[in-house]
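Undergrad: I have a structure I would like to understand better, so I am pasting it below and will then ask my questions one at a time.
The values are calculated or read from the model by the stated rules, or taken from the named source; none is laboratory data. For clarity, every value in this text was computed on a predicted model and none was experimentally measured. Neighbour counts run over all protein chains shown; Cβ positions are idealised from the backbone, glycine included. SASA here: full protein model, heavy atoms, side chains in, ligands and nucleic acids out. Shrake-Rupley method; radii C 1.70, N 1.55, O 1.52, S 1.80 Å.
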Amino acid sequence: MFISGYSVVAGAAERLVLGYDSFGNVCGRKNTPVEGANLSGLDMTNKKYVFFLNSCSLEIQSLKSSSLSLCVSSCPQQQLNSLEDLQSFARNNGSFLCVYNLNVSSYTLNPKAAQLCPTLPVPPSKSFPLFNRCVPQNPECYSKYASVLISMVNEMDIFHRVLSGILAGRDTVIGLSVLALAFSLMLVLAFRFIHTLLIHTLIALVVFGLLFVSGVLWWLHYDYRNDPSTELETEKENVKFLLGYAIFSTIVTVVLLSLIFVLRKRLLFAVQLFGIVGKIIGRIPFLLFQPLWTFLILVVFWVFWVAVLLSLGTAGTAHSTSGGQVEYRALSGICYMAWYHFVGLIWTSEFILACQQMVIAGAVVTCYFNRNKKTPPAHPVLSSISVLFCYHLGTAVKGSFLITILRIPRIVLLYLYNILNHKENAKHLFNCCFCCVCFWKSCLGYFNQHAYTTTAINGTNFCTSAKDAVCILARNSAKLASISCFGDFLLFLGKVFVVCFTVFGGLMAFNYHRELQAWVVPLLLVGFFAYMMSHSFLSVFEVTADALLLCFAIDMETNDGTAEKPYFVDQELLTFVSQSNKLTDGRKHRSTRPFQDNEDGTELQPMV
């Protein structure tokens, strides 16, 4: 909260988004005056473009322009050769190209007009989509202007270049996020009414998407690498990131295609499992609306997070200089705050998703441990939400924190890989460490879900629930591991489908706006948002299936099917588990040891 409040007070994201003049006025909005600057604090609501008075002879030193800049309502699209032309342009278009305190009627009369107006002739210019600058169209002026901007961008640190890329592609990022939302909703409906044909169609689309995205990434890397006009540091970074994306995408493609080929026959069991899961969701239809609320909360948080990030990137104080101009001095330590802010993004996002998982698990547990299957419990989702907020928010915080702890080393290892790119021994060590971290993160995420379910059943804290869940899974791994694995793999293919086609749309959209854009980072954010959206929506089926199987395991251990201790499971699920494990006579061979024989004597019982 301190970082957020500090960034809002000290930052001004509008300066990056809208641009500002030499007097501290942000173009396109009302401004507050700066002490010592007489021309500050003006209303620039209708003046959205930044215009340089000497655009053909710009010089940049320490990210500062040698030319005065003004906020204007429109850029001159024809060459202006005299003060009379400037006056006529101002009267006809309402765009004043001379310093604000010079009246338009004095353009041709004031003896200082030559110093207060742009250098003549004024070349024709057009508004540039990045930061609303008036860019000269004259070839000679344009080359000088572009070289100055290249130098300015290359002098910026990576943090501000990333911010520039995010701001430049903000509309594209929003559009791609909406596209990911549409794909996620489509998959939710597909899994709700799943059948074999849909599975084959999904697999075919995933294979096509993986191959196509990998091919496009390699083509873009080749195109960027052999482009002779690549001069910007951001464009050089694009080449490096594209190579990394292409290699990663190719490896993922090969691995997933191999797994699809090996598991193609067993995926039919996953179809049957999701058929049963669909019936459970049919008894609790409001479960399908749970991801919508989660998505809205995530969107609000992400918008807030990006706003704070932009404010951090523009945090600084305004100081007036000689001549009444204003300059902004950046504050020290901002980059460290940005890293802390990034950790907050991961932790809070995982916490929101953990709350959703606990709500779903609680509703499924309530429905499973209900004797009368024809009359489901009243309001299981609302009941689960109330239990979460009253008793188990700490469990969600602990689980999401553990996930965050393992995500951070992955980011650090990726950063070290970029540093040690040319040292083979270091790269091998990095690969081993990275694989270990990814493996433990996946395992932790798997056990976290079951810990949430155990918490919903027994009402215990996170550590006790996690230990109980591990014991149950260890004793029933032979029966349930393969079923859960196939179901999770099928859902993972659904997430890959959403990410693939969203990233492909991003590649096509960002490739049309190469100039001055570090678009590989916005593309990475798009991929992250697409995965989080798809995970949020498809986790309904994932958590429901995992919770259902864990409830089944606990049911088998705490009950024996007699009249005194009958099973809670319905016949369809029992038959499915037996068939999938080729153990139709499983009752004769299963262990009947109750769960209370574990080390600490904990006994899991259905919540009343």
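Undergrad: Stretch TYR567-THR32 to full length: gain in nm at 0.36 nm per residue minus the Cα-Cα span?
TA: 185.5 nm
Undergrad: Still on this structure, please answer the following. Sort ASP43, ASP468, ASP227 by heavy-atom solvent-accessible area, probe 1.4 angstrom, most to least.
TA: Most to least solvent-accessible, the answer reads ASP43, ASP227, ASP468.
Undergrad: Hey, another quick one. By how many nm would the segment from PHE289 to PHE528 grow when fully extended, if each residue of separation counts as 0.36 nm and the alpha-carbon distance is taken off?
TA: 83.8 nm
Undergrad: Got a sec? What order do TRP302, TRP218 fall in by accessible area at 1.4 Å, biggest, i.e. largest, first?
TA: Correct descending sequence by accessible area is TRP218, TRP302.
Undergrad: While we're here: If TYR336, TYR452, TYR100 are ordered by their accessible area, calculated over protein heavy atoms with a 1.4 Å probe, which sequence runs from highest to lowest?
TA: Highest to lowest solvent-accessible surface, that is TYR336, TYR100, TYR452.
Undergrad: Per residue of the range 110-115, in order, report the coupling 6.51 cos²θ - 1.76 cosθ + 1.60 (Karplus, θ = phi - 60°) as ³J(HN,Hα) in whole Hz, putting x for Gly and Pro.
TA: With coefficients 6.51, -1.76 and 1.60, one gets 6, x, 9, 4, 5, 8 Hz.
Undergrad: For the pair HIS200/ASN93, report the inter-label distance in nm, with labels modelled 7 Å from Cα in the Cβ direction.
TA: Placing both labels 7 Å along Cα→Cβ, they lie 6.2 nm apart.
Undergrad: Can you send over the solvent-accessible area of LYS240, 1.4 Å probe, protein chains only, in Å² to the nearest 10?
TA: Number for this one is 140 Å².
Undergrad: Please give the solvent-accessible surface of TYR245 in Å², to the nearest 10, using a probe radius of 1.4 Å with every protein chain present.
TA: That residue has around 40 Å² of solvent-accessible surface.
Undergrad: On to the next question. For ARG133, enumerate residues with amide H under 5 Å from its amide H, sequence gap 5+ or separate chain, H modeled in the peptide plane.
TA: VAL50, PHE128
Undergrad: Separate question: Could you work out the local net charge near GLU35, counting Lys and Arg as +1, Asp and Glu as -1, over the other residues with Cβ closer than 15 Å to its Cβ?
TA: Result for the neighbourhood of GLU35: 0.
Undergrad: Using the structure shown, list the pairs from LYS265/LYS467; LYS265/LYS398; LYS467/LYS495; LYS279/LYS495; LYS240/LYS495 with a Cα-Cα distance above 32 Å, or answer none.
TA: Cα-Cα > 32 Å for LYS265/LYS467; LYS265/LYS398; rest within.
Undergrad: Using r as the Cβ-Cβ distance of ALA378 and TYR336, and R0 as 56 Å, what FRET efficiency do you calculate, to the nearest 0.05?
TA: 0.65
Undergrad: Amide H of PHE96: which non-local residues (sequence gap of 5 or more, or other chain) have their own amide H closer than 5 Å, using H built in the peptide plane?
TA: SER73
Undergrad: While we're here: Which cross-chain or sequence-distant (5 or more) residues have an amide H under 5 Å from the amide H of LEU80, H modelled 1.01 Å from N in plane?
TA: Amide H neighbours of LEU80, under 5 Å, 5+ apart: VAL122.
Undergrad: Could you run the Karplus curve 6.51 cos²θ - 1.76 cosθ + 1.60 with θ = phi - 60° over the range 389-406 and give me ³J(HN,Hα) per residue in whole Hz, x for Gly and Pro?
TA: Karplus values, whole Hz, x for Gly and Pro: 6, 7, 10, 10, 5, x, 5, 5, 5, 5, x, 5, 5, 5, 4, 4, 4, 8.
Undergrad: In nm, what is the difference between 0.36 nm times the number of residues separating MET186 and THR575 and their Cα-Cα distance?
TA: 137.0 nm
Undergrad: Further question: Apply the Karplus curve 6.51 cos²θ - 1.76 cosθ + 1.60, θ = phi - 60°, to the phi angles in the range 256-269 and return the couplings in whole Hz, x for Gly and Pro.
TA: Per-residue couplings from phi come out as 5, 5, 5, 5, 4, 5, 6, 9, 4, 7, 6, 5, 5, 5 Hz.
Undergrad: Using a 10 Å cut-off on Cβ atoms, rank the peptides 355-365, 570-580 from the highest mean neighbour count down.
TA: 355-365, 570-580
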